[in-house]
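Beneath this line is the structure, given in structure tokens, with notes to follow.
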Amino acid sequence: MQEGPAGAGARDDAAAFSRLVARYRPELHLHCYRMLGSYEESGELVAEALLRAWRERDTFAGHATLRTWLYRVVTRACLDFLAGRPRAVVRPPRGGPVPAAALPWLQPCPDTLPEQVAAQRTGTDEAVVAKENIALTFVVALQLLPPRPRAVLVLRDVLGWSARETAEALGVSAAAVNSALQRARRAVRDRLPDRRSGRLPTDESAVLRRYLAALDRGGEDALARVLRRAALTARRPDPPDCRRVPAWMNRQPAAAVYTRDPGERFHRAHGLEVLRVEDDRVAEITVFPPGLFTAVGLPPVL
């Protein structure tokens, strides 16, 4: 960095730029999360992308809003990241649906992030923080798309960009965008749970309370009343001396699981369960490792 007045001016400019883009950082983090599927990696990448935006600030000609231009920079950073680190999906041996466990890099997103985006109201469309666009099943379906069609789907269907805007951001034709979008929509639709009409709204907080209460009582009958058959069959027995703390991830109820070994004073992080609820029951439980607790704002020790 330069010394003297020129260096001071550059520092002042960088500080002003940082303040200007800070309000967009949470929604850009959420955008990166959809593209990468990893909460930690997306947080690191958005910081690198904003540094790239500062270096490329001369390319902002004012033809688009600052928010749109930042999304372009961040989307290109995501595509560069994915090109340099190809993802290997561990597919089931006999085909069928790809579970979340088949994506080793997948992490849940704490609800504090979409809540922060919604609270800032920086011109963000409600679709950006809508539950169906953050749900773990949707993020999994995105990860199974090639990176560029994934970007097309997120820009068009989540952010609501036009084909022309998306084409300019990705450096392709509008026709290519429309073609990729149709294929991506079909692929994602085929992987999402059945969304039949006529289902009544579910109080997911109440389902989470019932789930935690059933586990506290330890009765199979109580669990059977709150878990659908597939979730009940797939569920593993709890380790000894286990405690659960309610949490919310991806706009879904979750439980942070802590266990205590014999002779230990404290309960330590054991795993994170994210619940998918359908018709007042838990339809699916996705379990994540304990190393994620600190990253998503959970204490590692009780």
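The values are calculated or read from the model by the stated rules, or taken from the named source; none is laboratory data. The model shown is predicted, which means the values in this text are computed figures rather than measured ones. Don't worry about glycine lacking a Cβ; one is built from the backbone with ideal geometry, like all the others, and counts go over all protein chains shown. Just the protein is used for accessible areas: all its heavy atoms, side chains included, with ligands, DNA and RNA removed. Shrake-Rupley method; radii C 1.70, N 1.55, O 1.52, S 1.80 Å.
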*Of the residues Val172, Val154, Val158, which is open to solvent by 30 Å² or more (accessible area, probe 1.4 Å) and touching a Lys or Arg at 6+ places or on another chain (Cβ under 9 Å)?*
Val172
*Take the range 243-263 and flag every residue that is open to solvent by 40 Å² or more (accessible area, probe 1.4 Å) and either touching a Lys or Arg at 6+ places or on another chain (Cβ under 8 Å) or not aliphatic (A, V, I, L, M) (or both).*
Arg243, Arg244, Pro246, Trp248, Arg251, Arg260, Asp261, Pro262, Gly263
*Out of the range 119-149, which residues are of a type in the set (A, V, I, L, M), more than 11 Å from the chain's Cα centre (by Cα) and either surrounded by 15 or more Cβ atoms within 10 Å (Cβ to Cβ) or under 23 Å from Thr166 (Cα atoms) (or both)?*
Ala127, Val128, Ala130, Ala141, Leu144, Leu145
_Residue list for the range 57-68, filter: under 18 Å from Ala22 (Cα atoms), open to solvent by 60 Å² or more (accessible area, probe 1.4 Å) and among the charged types (D, E, K, R)_ = Arg57
*asked:* Could you go through the range 183-195 and let me know if any residue there is open to solvent by less than 50 Å² (accessible area, probe 1.4 Å) and either closer than 28 Å to Val21 by Cβ or in contact with a Pro (Cβ under 9 Å, 6 or more places away or on another chain) (or both).
replied: yes
*All positions within the range 17-56 that are of a type in the set (Gly, Ala, Ser), more than 18 Å from the chain's Cα centre (by Cα) and open to solvent by 30 Å² or more (accessible area, probe 1.4 Å)*: Ser18, Ala22
*Positions within the range 69-94 being open to solvent by 20 Å² or more (accessible area, probe 1.4 Å) and at pLDDT 95 or above, in sequence order*: Arg72, Arg76, Leu79, Asp80, Phe81, Ala83
*Here are some conditions: (1) open to solvent by 60 Å² or more (accessible area, probe 1.4 Å); (2) in a loop (DSSP other than H, G, I, E, B); (3) touching a residue at least 40 places away in the same chain (Cβ under 8 Å). Pro237 meets all but one. Which one does it not meet?*
(3)
